[in-house]
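Heads up: the structure comes next, in structure tokens.
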2 protein chains.
Amino acid sequence: MKSPELFQSPFSGQPSRTTGGGRRSSLSIASDAFVFFSGAVAALLLVWTFSTFSNPQTTQPQPNPNLITHASNPKPEPKPFLPSVSDDVCAKNFDGLNFHDDPPDPNFYDDPTFGYTIDTKISNWDEKRKEWLKQHPSFGSGAEERVVMVSGSQSGPCTNPIGDHLLLRFYKNKVDYCRRHGYDIVYNQVLLHPQMHTFWAKIPAVRAVMLAHPEAEWIWWVDSDAAFTDMDFKLPLQRYKNHNFVVHGWPKLIYEKKSWTSLNAGVFLIRNSQWALDFMDVWSGMGPQTPNYEKWGEVLRETCKDKAFPESDDQTGLVYLLLKEKEKWGDKVYVEGEYYFEGYWLEIVETLENITEKYNNIERGVRRLRRRHGEKVSESYAALWEEYLKDAGYGKFSWRRPFITHFTGCQPCSGKHNQMYSGQSCWDAMRKVLNFADNQVLRNYGFVHRDLLDSGSVSPLPFDYPA
Amino acid sequence: MKSPELFQSPFSGQPSRTTGGGRRSSLSIASDAFVFFSGAVAALLLVWTFSTFSNPQTTQPQPNPNLITHASNPKPEPKPFLPSVSDDVCAKNFDGLNFHDDPPDPNFYDDPTFGYTIDTKISNWDEKRKEWLKQHPSFGSGAEERVVMVSGSQSGPCTNPIGDHLLLRFYKNKVDYCRRHGYDIVYNQVLLHPQMHTFWAKIPAVRAVMLAHPEAEWIWWVDSDAAFTDMDFKLPLQRYKNHNFVVHGWPKLIYEKKSWTSLNAGVFLIRNSQWALDFMDVWSGMGPQTPNYEKWGEVLRETCKDKAFPESDDQTGLVYLLLKEKEKWGDKVYVEGEYYFEGYWLEIVETLENITEKYNNIERGVRRLRRRHGEKVSESYAALWEEYLKDAGYGKFSWRRPFITHFTGCQPCSGKHNQMYSGQSCWDAMRKVLNFADNQVLRNYGFVHRDLLDSGSVSPLPFDYPA
């Protein structure tokens, strides 16, 4: 027999329990879809999908308070919701961190002058963090390598009809990466300073996360339009042990060309430190919330002649600080150019099939790389892989999976894009890149997207794939 | 001076670097917005938002391979990317779990007959899991309370213009809850069995997650249209120690009324066990991938006379199994009716202001509840709160925050909804509920939505709020 959704738009997903059957409504939905979505997206209409409405109720019974009985176990324990000792033990055992203990001894949170807003001055933060870590010993071990990722997008729906769908997928990609490596991720959808809009919004967000997560040594901002395309690769934190800020860039372009695109401020790693608070004070001092915003626009344009627009922006501001206050900040800023700390999608997207082929060839020759395993121990296979990736290199022309692919010049939410290429080429590339990444995740669940442009279809992986 | 976006649609977010200035495009964007969105959503146009395109580059320089130098630290360590010993130590210390070790000794993943698809038979799973945990001792402690959350939505964009935006916010809400409690979350956007669509899609997803996460005792399915509205509340796992499956429902309605809405299959907790695999085999045996799908539709309609549509569905199937195979399954199924394991939004949404007021009044009287703290130790404050919530009760008419608010009858993605209410009332309620939840998260970052209907605006919280 045919299953119901054969008669429906994939978008309706299930027979309507509320509009009297899916057939009629599916037609209008399908036609709407074609109005909304251009060619490549329309292709998605052909694949199996499922409704986000997985619960077929039209009404819900009003539970009668007298009906508080159970299918079995009729006597619930008294006060079942008070955390039991075992809860406490497990909270500690659960992941080695004690979520249940905040000693009464005062710490910086008890200081009335302490605040999360960008304009609140904080001093001696390093000592305050150390003190907090002493108070919370379970967070002490491994603190030096603890990373919290931060990303975000606007609080309202996108104008690009597929914009929010793409944002959802970019966010899932980040959560997948964080789950694999045990990182926390915070997604921010509000302006923590009402005037610090667009690319300025990340600074108050990163600052607030820093203060809410004294257990983390590093805060890692990753733009919403950047995707992890090597789920195995980890930040080489040892390399940054003498630095407080890491950004992708090209020193020659910074110090000789003085170009505003000599680095990319869309992805950065910043150490949870007093240095970072001071740096963000100075950096955000060029922002739209200051009386000097307009003046800074002029100064930055004088400094970086190729700057494409008059408004002061965080990226040119960063270049300015490296050029003009190098002695003050430069020594603690690591300009990473050796691997795709973030990489330009146009340079990357065409290489993905070749990279997949290279990796598959290696796996065919090495059984232990093909071994199935629990997702949580994936890092042990990443370590094995390194041995076979030695010759791959890291950046452009490398056949190593690029770490982060950044859709610089494409705006998934607004739908705007660099006139160098079409919007469609942006959205197609995003789908391809996100499916390439998703295949590294799905692998641990036994499935794969055979076609990187087909987000809806997966096939089960046979045993010992890809042998 | 005025900041740029005063001249722009909040949706454009930043001056266009690609279409020659934001002013003209912003007008068309704004008019589009009004075509797409009805009144309440249009209100979002008035709030500050920021573009998802936080990186103002129009073009990216092609890094010259000869430029691989650094602002400082010119000599990177050799093989910087091979996991160092310190990485290994930290991986273990990081959260007490050793992500780096998968011993060579064979386990179930090495068995060629083992597979992730719904039709792969698996036996002795409990022993196999135990064996895996023995191989991976760092995952052993706390394993009994380890939970992996699973949710998902369709692989393509929604037909409802704000559908994907709402899905993004529902997903963020789940990630926030999981971060606070140290749970992993897996979001699935593909059909792991091409014929198991709509509400059937979750079963193969839950099964695959179970097999990919032997370290987890419980898999927790939560529909994409359900939001955590009490970020503090934790599943009372001790209560379920003798059960393998937990679902929200009302036994009298199951066993006497035989109603298909006597329980809600949109949220369930299932123990990672052979029982679960067997149960899912039988449960999914009523699904669209089987030759008996049509027949099952008839059987379920005969069993539950109030079933609203002919197709066999997972929820009525669950009621059927409780009614007809109680002795086989019923004793291990815990029908939770005492708290909002999931709750009907229409019953909840109007109570949120009153609940907020109640909680604020309690906090005004108890300094230690108002104490600021790191997000990671929030559970210790949740424990303190219990003392003051004793009299609140848990379900309907309670002034305790409802645990999970479920938008039964509203389809955020398709835009369909129960004719009992307007679509607008669904989308407004979702915004209100998500902001209510978000306030519990933002609190740890120093901010609050003063107006639950205003997703875009937050205010900083003063010290000692709400005293």
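Neighbouring Cβ atoms from other chains, within 10 Å of the Cβ of residues in B:168-180, number 5 on average. In order along the stretch B:166-172, the phi-based Karplus estimate (6.51 cos²θ - 1.76 cosθ + 1.60, θ = phi - 60°) of 3J(HN,Hα) comes to 5, 4, 4, 6, 4, 5, 4 Hz; Gly and Pro are listed as x. Computed log10 I(q)/I(0) for the stretch A:348-395 at 0.17, 0.21, 0.31 Å⁻¹: -0.58, -0.84, -1.21, from the Debye equation with unit scatterers placed on every C-alpha and solvent omitted. For the stretch A:422-467, what value does the Rg/Rh ratio take when both radii are computed over Cα atoms and Rh is the Kirkwood radius, given to two decimals? Computed over Cα atoms, the ratio is 1.07.
Here is the tail figure for the stretch B:266-394: Cα pairs spaced more than 25 Å apart come to 50 percent of all pairs.
Using a 10 Å cut-off on Cβ to Cβ distances, tally the other chain neighbours for every residue of B:440-449 and report the average as a whole number.
That average works out to 5.
Residue ranges A:135-144, B:337-346 sort as B:337-346, A:135-144 when ordered by packing (mean number of other C-beta atoms within 10 Å per residue, highest first).
With label points set 7 Å from Cα along Cα→Cβ, the inter-copy distances at B:ASP281 are 6.6 nm, sorted shortest first. Relative to one another, the C-alpha centroids of the stretch A:102-173 and the stretch B:98-125 are positioned 37 Å apart. Which log10 I(q)/I(0) values, to two decimals, does the stretch B:126-202 give at q = 0.14, 0.19 Å⁻¹ under the Debye formula with one point per Cα? Debye curve over Cα of the stretch B:126-202, log10 I(q)/I(0) at q = 0.14, 0.19 Å⁻¹: -0.66, -0.94. The shape of the stretch A:216-337 can be summarised by an equivalent ellipsoid whose semi-axes, obtained from the alpha carbon gyration tensor, come to 24, 16, 15 Å from longest to shortest. Which residues among the stretch B:444-462 fall inside the zone where the amide N is under 17 Å from a point 7 Å beyond the Cα of B:LEU384, along Cα→Cβ? Answer for the stretch B:444-462: B:444-446, B:462. Placing a label point 7 Å from the Cα of A:ARG450 along the Cα-to-Cβ direction, the distances to the matching points in the other copies come to 5.8 nm, shortest first. The convex hull drawn around the Cα atoms of the stretch B:374-467, when projected onto a plane and averaged over every direction, covers 7.9 nm². Closest approach of a chain B Cβ to the axis relating B and A (residue, whole Å): B:GLY96, 1.
When the P(r) of the stretch A:376-419 is calculated, the portion above 12 Å amounts to 72% of the C-alpha pairs.
The stretch A:348-371 and the stretch A:424-458 have Cα centres spaced 15 Å apart.
Of the GluC sites (Glu not before Pro) found in the stretch B:287-337, the ones in coil according to DSSP and having at most 15 other Cβ atoms within 10 Å of their Cβ are B:GLU325.
Subtracting the Cα-Cα distance of B:LYS305 and B:GLU127 from 0.36 nm times their residue separation leaves 60.0 nm of extension gain. A:GLU256 label point (Cα plus 7 Å toward Cβ) to equivalent points in the other copies: 8.5 nm, shortest first.
Scaled against the 2.2 N^0.38 Å expected of a compact globular protein of N residues, the Cα radius of gyration of the stretch B:151-286 reads 1.09. Residue by residue, the stretch A:352-360 carries 3J(HN,Hα) couplings of 5, 4, 4, 5, 4, 4, 4, 5, 4 Hz when phi is fed to the Karplus relation 6.51 cos²θ - 1.76 cosθ + 1.60 (θ = phi - 60°); x denotes Gly or Pro.
Only Cα pairs under 8 Å and 6+ residues apart enter the sum, and on that basis the relative contact order of the stretch A:102-258 stands at 30 percent. Mean partner shielding of peptide A:265-277, defined as the number of other chain Cβ atoms within 10 Å of each residue Cβ, is 1. Rounded to two decimals, the Cα radius of gyration of the stretch A:311-467 over 2.2 N^0.38 Å is 1.26.
Each value in this text was obtained by applying a stated rule to the coordinates, not by laboratory testing. Computed from a predicted structure; not experimentally measured. Methodologically, a virtual Cβ is constructed for each residue, glycine included, from the backbone with ideal geometry; neighbour enumeration extends over all protein chains shown.
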